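Just so it is clear, none of the values below were taken in a lab; they were calculated from the coordinates. The structure displayed is predicted, hence computed values, not measured ones. Counting neighbours? That spans all protein chains shown, and the Cβs are built from the backbone with ideal geometry, glycine included.
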Amino acid sequence: MQTTSKILMVRPFRFAFNEETAQNNYFQQAGESGSVAVKALEEFDAFVSQLRGKDVDVTVVQDTPEPWTPDSIFPNNWFSSHISGELVLYPMFAENRRQERKREVLDLLTRKMNHRKVIDLTHWEKEGEFLEGTGSMVFDRDKRIAYCCRSPRTSEKVLADFCARLNYDAVVFNATDKNGNHIYHTNVMMAVGNQVAIVCLESIKDDNERQKVVSRLISGGKIIVDISLDQVVRFAGNMLEVKSRNGQPIMVMSTSARSALTAAQETVISTYNTILSAPLSTIETNGGGSARCMLAEIFY
């Protein structure tokens, strides 16, 4: 099952620009600190309302004041949920992000959401090896493929461990921005839905790696929407397909991402999905992540 109608979101206690993650997230820009937290909450609450308005089953967890975790709004990086009952916990690059693995959320996931088996990969942090969940990996769940671009946040050692434990096949490649920097998370340049895959082929400079990604997507039955690096900067790669309780497919993105799409690209996506776009500019600017990063899929 590629998509789910069940989503977990974490309402931040005090969202802010995170200096630890800014070391290799070149999408982040510090905003006016006095208003960032307030504006982020407004964007978060409105986003939740839009999703629920499309009959998506959203569970909202309120973050706690202590320990303070400025990026708690992006829960998809520290855990992933799987239809066979696994809950996978991931090693995180930034030390202050490791504190997002709070007991309240873990209890909710294991006790109330019935994840029977916890696969804990966090021990890799001690070796300086990281894999930041569905930020580092973009899943084709039906074909059991993990698309993954190399970066300081994404260790091939941990990726191999994940794939061995969950019987996934990794498609690994380099993806860089216009300045030659590693794109920090695969999910800002790529998204895979039931029918459509959004990918920035321009970011994959190696011909063989680019062809490998294209071949695997096509063999997996996906229609490719190729976006540019300029569109990636506007978070057009940071989308997630979810579905309503009655099975209606919905492609979720920010208003920035939607406005970056060409008419032809939007037509392809909207042929197979209802498009939901939310204004998330404060979160995008300060957090360096967008709509997809805020949505933790739940399968149980």
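Just to check your reading of the model, which residue among E86, E129 is within 20 Å of C163 (Cβ to Cβ), touching a helix residue (DSSP H, G or I) at 6+ places or on another chain (Cβ under 9 Å), free of Cβ contacts under 8 Å to residues at least 60 places away in the same chain and charged (D, E, K, R)? Steps first, please.
Working: E86 fails: free of Cβ contacts under 8 Å to residues at least 60 places away in the same chain.
Selected residue: E129, the only one of E86, E129 that is within 20 Å of C163 (Cβ to Cβ), touching a helix residue (DSSP H, G or I) at 6+ places or on another chain (Cβ under 9 Å), free of Cβ contacts under 8 Å to residues at least 60 places away in the same chain and charged (D, E, K, R).
Hey, does the stretch 101-124 have a residue that's without any contact (Cβ under 8 Å) to a residue 60 or more places away in the chain and under 17 Å from the mean Cα position of the chain (by Cα)?
Within the stretch 101-124 (the criterion being without any contact (Cβ under 8 Å) to a residue 60 or more places away in the chain and under 17 Å from the mean Cα position of the chain (by Cα)), the answer is yes, since at least one residue qualifies.
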